[in-house]
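The values are calculated or read from the model by the stated rules, or taken from the named source; none is laboratory data. Only a predicted model underlies this, so the values are computations on that prediction, with no experimental measurement involved. Cβ: placed from backbone, ideal geometry, glycine included. Neighbour counts: every protein chain shown. When the accessible area is computed, the model is the full protein with side chains, heavy atoms only, and any ligands, DNA or RNA have been set aside. Shrake-Rupley method; radii C 1.70, N 1.55, O 1.52, S 1.80 Å.
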Amino acid sequence: REFIGQCKLADELGMNIMTNEHHAAYTCMSVSSLMPLAVLATHTKNARLLALGVPITNRMDPYRVAEEAAYVDVLSRGRLELGLVKGSTFELYMSNSNPVTSHARYWEAHDLIVAALAKKDGPISYESDNYNYRNLNVIPGCYQQPVPPIWMTTLSPATAREAAQRGYVIAITAVARAARACFPAYRE
C-alpha cells in the first residue's frame with residue numbers, strides 16, 4: 001500500500017515511475033518489471049511507466065515479454081516505455097545461457113518482441129537459432145503505435161550507436177567512464 005501511495009503521489013507531482021528486474025540477487029526484489037507496472041497503470045493517470053528493464057537474454061520466452069508489454073501499454077493507455085536489457089552476468093549462468101552466444105540471443109529476442117508488438121494485421125512467424133514460433137498474435141495489441149518507446153542499457157559505444165540508429169533511448173547506470181564513451185557515440 002505504501003508503494004502504491006508513493007506512486008500515486010509521484011503521478012500527481014508529474015513524475016515518472018521506473019521499475020527494474022533482476023533475479024537471484026538482493027539488488028532487486030522484483031520478479032518482473034512489468035508486473036508492478038500493470039498494477040500501477042490502474043492506480044495512476046499521468047506518469048510514464050518505464051520498465052528498465054526486462055532482461056531478455058535470460059528470459060526463455062520473448063513472446064511472453066511482448067504479450068506482457070502490450071498488456072501494460074493497454075492498461076496504462078499508452079504510458080509504457082519498455083527497456084529491453086541484456087541482464088547481468090550471474091543471471092546468464094543461473095538460466096544456463098551461454099555467455100558466448102548471449103549477444104546474438106539478445107538481438108534475436110529483441111527482434112521477435114518488436115516484430116510481435118508491431119504486427120497488427122494478423123499473425124507472424126519467427127525463426128532464428130534460439131527461437132522458433134508460428135502464428136503469433138499479441139492480443140491485445142499495443143496502445144502506442146507501432147510500439148512503445150524502447151530503452152536499452154549499455155556500457156558499450158557500439159551498443160549506444162545501435163540504439164541511436166534504432167531510435168531508442170539509452171541509459172547508463174553509474175559508470176562515468178562508460179558514459180564518456182557512450183553518449184558521444186550515441187549522439188554521432
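Taking the criterion of being open to solvent by 30 Å² or more (accessible area, probe 1.4 Å), in contact (Cβ under 8 Å) with a residue 40 or more places away in the chain and either aliphatic (A, V, I, L, M) or closer than 20 Å to residue 145 by Cβ (or both), would at least one residue in the range 33-48 satisfy it?
Scanning the range 33-48 turns up no residue that is open to solvent by 30 Å² or more (accessible area, probe 1.4 Å), in contact (Cβ under 8 Å) with a residue 40 or more places away in the chain and either aliphatic (A, V, I, L, M) or closer than 20 Å to residue 145 by Cβ (or both).
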Assigned to a loop (DSSP other than H, G, I, E, B), open to solvent by less than 40 Å² (accessible area, probe 1.4 Å), more than 26 Å from residue 156 (Cα to Cα) and of a type in the set (Gly, Ala, Ser), is that true of residue 10? no
Being assigned to a loop (DSSP other than H, G, I, E, B), in contact (Cβ under 8 Å) with a residue 40 or more places away in the chain and surrounded by fewer than 22 Cβ atoms within 10 Å (Cβ to Cβ), is that true of even one residue in the range 69-86? yes
Restricted to the range 110-124, and to residues that are modelled with pLDDT under 95 and at negative phi, which residue is surrounded by the fewest Cβ atoms within 10 Å (Cβ to Cβ)? 121
Residues of the range 13-32 satisfying the condition of being under 20 Å from residue 147 (Cβ atoms) and open to solvent by 90 Å² or more (accessible area, probe 1.4 Å): 16, 18
What is the one condition in (1) out of contact with any Phe, Trp or Tyr (no Cβ under 7 Å at 6 or more places or on another chain); (2) within 29 Å of residue 8 (Cα to Cα) that residue 95 does not satisfy? (2)
Criterion first (free of Cβ contacts under 8 Å to residues at least 40 places away in the same chain, farther than 18 Å from residue 131 by Cα and either out of contact with any Pro (no Cβ under 8 Å at 6 or more places or on another chain) or part of a strand (DSSP E or B) (or both)) does residue 60 satisfy it? no
